[in-house]
Amino acid sequence: MAINIIDIKNQPLGILLTNFLICQHCNYVDRDMNRMRVGHPCQKCGNASPAGRSYFNHSVSSLIDLMQEFFHKDELIESTISKTRKKRLQNSRLAVVVYFVTLREVLLTKLLKELMIAQKIPIKIEKRLFDDNLTHKQKLDKLFPSLVGKSWNTAVKQVNERVELDYLQVNKFLVDAVRVRNKFLHEGQKFAIKKDLAENCIRNIGPLLSLHVSLHNDFVFPLYQEK
(Lines give C-alpha, C1' and ligand atoms only; values in the text may rest on other atoms or scores of the structure.)
Protein backbone atom coordinates (compact mmCIF):
# COMPACT_ATOMS: atom_id res chain seq x y z
CA MET A 1 0.00 0.00 0.00
CA ALA A 2 1.45 3.35 -1.07
CA ILE A 3 2.14 5.89 1.64
CA ASN A 4 0.38 9.23 1.27
CA ILE A 5 3.07 11.90 1.47
CA ILE A 6 0.86 14.24 3.47
CA ASP A 7 0.68 11.61 6.24
CA ILE A 8 4.46 11.50 6.76
CA LYS A 9 5.31 13.33 9.98
CA ASN A 10 8.20 11.61 11.72
CA GLN A 11 10.62 11.46 8.78
CA PRO A 12 11.99 14.65 7.21
CA LEU A 13 10.69 15.01 3.67
CA GLY A 14 13.80 16.99 2.82
CA ILE A 15 15.79 13.76 2.97
CA LEU A 16 13.15 11.44 1.54
CA LEU A 17 12.40 13.51 -1.56
CA THR A 18 15.82 14.86 -2.51
CA ASN A 19 17.45 11.45 -2.93
CA PHE A 20 18.94 12.27 -6.32
CA LEU A 21 22.66 11.84 -6.98
CA ILE A 22 24.80 13.40 -9.70
CA CYS A 23 27.68 11.72 -11.52
CA GLN A 24 30.83 13.71 -10.84
CA HIS A 25 32.18 12.75 -14.28
CA CYS A 26 29.34 13.27 -16.76
CA ASN A 27 26.87 15.26 -14.62
CA TYR A 28 23.93 12.93 -15.21
CA VAL A 29 21.39 12.91 -12.36
CA ASP A 30 19.37 9.90 -11.20
CA ARG A 31 18.30 7.92 -8.15
CA ASP A 32 21.01 5.26 -8.43
CA MET A 33 21.92 4.98 -4.75
CA ASN A 34 24.83 2.71 -5.70
CA ARG A 35 26.66 5.89 -6.62
CA MET A 36 27.35 6.12 -2.88
CA ARG A 37 29.76 3.20 -3.30
CA VAL A 38 33.25 4.21 -4.35
CA GLY A 39 34.06 2.57 -7.67
CA HIS A 40 30.46 2.00 -8.77
CA PRO A 41 30.26 2.59 -12.55
CA CYS A 42 27.89 5.30 -13.78
CA GLN A 43 25.12 3.82 -15.91
CA LYS A 44 25.51 6.72 -18.35
CA CYS A 45 29.26 7.23 -18.80
CA GLY A 46 30.71 4.09 -17.19
CA ASN A 47 33.19 6.00 -15.01
CA ALA A 48 33.76 4.84 -11.45
CA SER A 49 32.09 6.88 -8.75
CA PRO A 50 34.47 8.64 -6.33
CA ALA A 51 31.51 8.75 -3.88
CA GLY A 52 27.89 9.84 -3.97
CA ARG A 53 27.16 13.54 -4.35
CA SER A 54 23.68 14.90 -3.75
CA TYR A 55 22.18 16.88 -6.61
CA PHE A 56 20.00 19.10 -4.45
CA ASN A 57 21.66 21.31 -1.87
CA HIS A 58 20.76 22.03 1.74
CA SER A 59 18.61 25.05 0.93
CA VAL A 60 16.25 22.81 -1.06
CA SER A 61 15.90 20.18 1.65
CA SER A 62 15.49 22.87 4.33
CA LEU A 63 12.60 24.51 2.47
CA ILE A 64 10.91 21.13 2.10
CA ASP A 65 11.33 20.41 5.81
CA LEU A 66 9.82 23.81 6.64
CA MET A 67 6.81 23.04 4.44
CA GLN A 68 6.34 19.73 6.23
CA GLU A 69 6.72 21.34 9.65
CA PHE A 70 4.11 24.04 9.03
CA PHE A 71 1.73 21.68 7.25
CA HIS A 72 1.53 19.49 10.37
CA LYS A 73 1.69 22.39 12.82
CA ASP A 74 -2.05 22.38 13.43
CA GLU A 75 -3.54 18.90 13.57
CA LEU A 76 -6.83 19.62 15.34
CA ILE A 77 -10.15 19.25 13.55
CA GLU A 78 -11.24 22.70 12.40
CA SER A 79 -14.78 22.37 13.69
CA THR A 80 -13.59 21.87 17.26
CA ILE A 81 -10.99 24.60 17.52
CA SER A 82 -11.21 28.19 18.67
CA LYS A 83 -11.12 31.24 16.40
CA THR A 84 -7.56 31.94 17.53
CA ARG A 85 -6.53 28.40 16.66
CA LYS A 86 -8.23 28.68 13.26
CA LYS A 87 -6.22 31.83 12.58
CA ARG A 88 -3.03 29.93 13.35
CA LEU A 89 -4.17 27.17 11.02
CA GLN A 90 -4.57 29.67 8.18
CA ASN A 91 -1.13 31.07 8.95
CA SER A 92 0.32 27.57 8.66
CA ARG A 93 -1.30 27.04 5.27
CA LEU A 94 0.04 30.38 4.12
CA ALA A 95 3.56 29.38 5.18
CA VAL A 96 3.33 26.13 3.18
CA VAL A 97 2.35 28.00 0.01
CA VAL A 98 5.01 30.70 0.47
CA TYR A 99 7.74 28.10 1.04
CA PHE A 100 6.56 26.10 -1.99
CA VAL A 101 6.75 29.14 -4.26
CA THR A 102 10.16 29.97 -2.79
CA LEU A 103 11.28 26.41 -3.57
CA ARG A 104 10.24 26.98 -7.18
CA GLU A 105 12.40 30.10 -7.32
CA VAL A 106 15.42 28.42 -5.70
CA LEU A 107 15.24 25.51 -8.14
CA LEU A 108 15.08 27.77 -11.18
CA THR A 109 18.09 29.79 -10.01
CA LYS A 110 20.00 26.55 -9.46
CA LEU A 111 19.18 25.36 -12.98
CA LEU A 112 20.20 28.67 -14.52
CA LYS A 113 23.54 28.62 -12.71
CA GLU A 114 24.15 25.06 -13.92
CA LEU A 115 23.48 26.13 -17.52
CA MET A 116 25.90 29.04 -17.19
CA ILE A 117 28.63 26.87 -15.69
CA ALA A 118 28.19 24.22 -18.40
CA GLN A 119 28.38 26.93 -21.07
CA LYS A 120 31.51 28.36 -19.40
CA ILE A 121 29.98 31.79 -18.97
CA PRO A 122 32.43 33.94 -16.94
CA ILE A 123 31.40 34.73 -13.37
CA LYS A 124 31.29 38.47 -14.10
CA ILE A 125 28.87 37.88 -16.98
CA GLU A 126 26.84 35.47 -14.84
CA LYS A 127 26.46 38.16 -12.19
CA ARG A 128 25.41 40.72 -14.80
CA LEU A 129 22.81 38.33 -16.22
CA PHE A 130 21.28 37.78 -12.81
CA ASP A 131 21.43 41.49 -11.99
CA ASP A 132 19.57 42.22 -15.22
CA ASN A 133 16.95 39.57 -14.44
CA LEU A 134 16.14 40.03 -10.77
CA THR A 135 12.55 38.77 -10.69
CA HIS A 136 11.49 35.16 -11.12
CA LYS A 137 9.39 36.14 -14.14
CA GLN A 138 12.41 37.71 -15.84
CA LYS A 139 14.50 34.62 -15.14
CA LEU A 140 11.73 32.40 -16.50
CA ASP A 141 10.68 34.45 -19.54
CA LYS A 142 14.01 35.98 -20.60
CA LEU A 143 17.08 34.38 -19.02
CA PHE A 144 16.03 30.73 -19.34
CA PRO A 145 15.20 30.98 -23.08
CA SER A 146 18.45 32.83 -23.76
CA LEU A 147 20.43 29.95 -22.23
CA VAL A 148 18.35 27.05 -23.59
CA GLY A 149 17.09 28.37 -26.91
CA LYS A 150 13.43 27.70 -26.17
CA SER A 151 10.76 28.93 -23.81
CA TRP A 152 10.13 27.44 -20.38
CA ASN A 153 6.77 25.97 -21.43
CA THR A 154 8.30 24.40 -24.53
CA ALA A 155 11.10 22.89 -22.44
CA VAL A 156 8.58 21.46 -19.98
CA LYS A 157 6.61 19.92 -22.84
CA GLN A 158 9.81 18.36 -24.17
CA VAL A 159 10.76 16.61 -20.93
CA ASN A 160 7.13 15.67 -20.30
CA GLU A 161 7.15 13.38 -23.34
CA ARG A 162 9.54 10.87 -21.73
CA VAL A 163 8.23 10.49 -18.18
CA GLU A 164 5.21 9.04 -16.43
CA LEU A 165 4.76 12.11 -14.25
CA ASP A 166 2.57 14.89 -15.64
CA TYR A 167 4.96 17.83 -15.73
CA LEU A 168 2.39 19.93 -17.58
CA GLN A 169 0.06 19.62 -14.59
CA VAL A 170 2.92 20.45 -12.22
CA ASN A 171 3.68 23.56 -14.27
CA LYS A 172 0.01 24.58 -14.17
CA PHE A 173 -0.11 24.10 -10.40
CA LEU A 174 2.95 26.33 -10.01
CA VAL A 175 1.08 29.12 -11.77
CA ASP A 176 -1.96 28.62 -9.52
CA ALA A 177 0.14 28.61 -6.34
CA VAL A 178 1.94 31.79 -7.37
CA ARG A 179 -1.38 33.47 -8.18
CA VAL A 180 -2.73 32.76 -4.69
CA ARG A 181 0.57 33.80 -3.08
CA ASN A 182 0.43 37.09 -4.97
CA LYS A 183 -3.14 37.70 -3.86
CA PHE A 184 -1.88 37.57 -0.29
CA LEU A 185 1.17 39.75 -0.96
CA HIS A 186 -0.63 42.41 -2.99
CA GLU A 187 -4.18 42.26 -1.69
CA GLY A 188 -3.82 40.70 1.75
CA GLN A 189 -6.19 37.86 0.86
CA LYS A 190 -4.91 35.31 3.34
CA PHE A 191 -8.26 33.53 3.47
CA ALA A 192 -7.94 32.57 -0.20
CA ILE A 193 -5.52 29.87 0.90
CA LYS A 194 -7.57 26.72 1.40
CA LYS A 195 -6.55 23.44 2.97
CA ASP A 196 -6.45 21.62 -0.36
CA LEU A 197 -3.98 24.14 -1.77
CA ALA A 198 -1.54 23.49 1.07
CA GLU A 199 -2.03 19.73 0.60
CA ASN A 200 -1.36 20.00 -3.12
CA CYS A 201 1.81 21.97 -2.43
CA ILE A 202 3.07 19.04 -0.36
CA ARG A 203 2.01 16.52 -3.01
CA ASN A 204 3.76 18.48 -5.76
CA ILE A 205 7.16 18.72 -4.06
CA GLY A 206 8.33 15.39 -5.50
CA PRO A 207 7.06 16.07 -9.05
CA LEU A 208 8.62 19.55 -8.96
CA LEU A 209 12.01 18.09 -8.00
CA SER A 210 11.69 15.45 -10.72
CA LEU A 211 10.84 18.15 -13.26
CA HIS A 212 14.08 19.96 -12.49
CA VAL A 213 16.08 16.74 -12.66
CA SER A 214 14.59 16.08 -16.11
CA LEU A 215 15.38 19.63 -17.22
CA HIS A 216 18.95 19.21 -15.99
CA ASN A 217 19.37 15.93 -17.86
CA ASP A 218 17.86 17.35 -21.05
CA PHE A 219 19.63 20.71 -21.15
CA VAL A 220 22.67 20.68 -18.84
CA PHE A 221 23.93 17.09 -19.15
CA PRO A 222 24.25 17.26 -22.99
CA LEU A 223 26.46 20.34 -22.75
CA TYR A 224 29.09 18.28 -20.93
CA GLN A 225 28.89 15.55 -23.58
CA GLU A 226 29.78 18.06 -26.28
CA LYS A 227 33.14 18.82 -24.68
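Considering only region 150-164, state which residues are more than 14 Å from residue 212 (Cβ to Cβ) and in a loop (DSSP other than H, G, I, E, B).
150, 151, 161, 162, 164
State which residue is nearest to residue 62 (Cα to Cα) when the search covers only region 215-226 and only residues that are in a helix (DSSP H, G or I) and open to solvent by 20 Å² or more (accessible area, probe 1.4 Å).
217
Of all residues in region 75-110, how many are at pLDDT 65 or above and not in a helix (DSSP H, G or I)?
Adding up the residues that qualify gives 0.
I'm told residue 121 meets every condition in (1) of a type outside the set (Gly, Ala, Ser); (2) exposed (fewer than 14 other Cβ atoms within 10 Å of the Cβ); (3) part of a loop (DSSP other than H, G, I, E, B) except one. Can you identify the failing condition by its number?
All conditions are met except number (2).
Return the residues of region 21-67 that are more than 22 Å from residue 218 (Cα to Cα) and among the polar types (S, T, N, Q); say none if nothing qualifies.
34, 59, 61, 62 - these are the residues of region 21-67 that are more than 22 Å from residue 218 (Cα to Cα) and among the polar types (S, T, N, Q).
Only one residue in 166, 196, 131, 176 is acidic (Asp, Glu), in contact (Cβ under 8 Å) with a residue 24 or more places away in the chain and surrounded by fewer than 15 Cβ atoms within 10 Å (Cβ to Cβ), so which one is that?
166
Condition check: open to solvent by less than 80 Å² (accessible area, probe 1.4 Å) and at pLDDT 95 or above. Does residue 159 satisfy that?
yes
Considering only residues of region 2-23 that are part of a loop (DSSP other than H, G, I, E, B), out of contact with any Cys (no Cβ under 9 Å at 6 or more places or on another chain) and over 18 Å from residue 69 (Cβ atoms), which is most open to solvent (accessible area, probe 1.4 Å)?
Residue satisfying both the conditions and the ranking: 3.
Does residue 184 fit the bill of being buried (at least 18 other Cβ atoms within 10 Å of the Cβ) and assigned to a helix (DSSP H, G or I)?
The answer is no for residue 184.
So residue 27 ticks every box in (1) more than 17 Å from residue 208 (Cβ to Cβ); (2) at pLDDT below 95; (3) open to solvent by less than 80 Å² (accessible area, probe 1.4 Å) but one. Which box is left unticked?
That leaves (2) as the condition not met.
On the given criteria, is residue 38 of a type in the set (A, V, I, L, M, F, W, C), open to solvent by 50 Å² or more (accessible area, probe 1.4 Å) and either more than 16 Å from residue 214 (Cβ to Cβ) or modelled with pLDDT of 95 or more (or both)?
Judged against the criteria, residue 38 is a match.
When region 24-43 is examined, which residues are found to be without any contact (Cβ under 8 Å) to a residue 40 or more places away in the chain, in a loop (DSSP other than H, G, I, E, B) and of a type outside the set (Val, Ile, Thr)?
24, 25, 31, 32, 37, 39, 40, 42, 43
The values are calculated or read from the model by the stated rules, or taken from the named source; none is laboratory data. Just so it is clear, the model here is predicted, and its values are computed rather than measured. Glycine gets a Cβ as well: all are built from the backbone with ideal geometry, and neighbour counts include every protein chain shown. Ligands, DNA and RNA are excluded from the accessible area calculation, which covers all protein heavy atoms including side chains. Shrake-Rupley method; radii C 1.70, N 1.55, O 1.52, S 1.80 Å.
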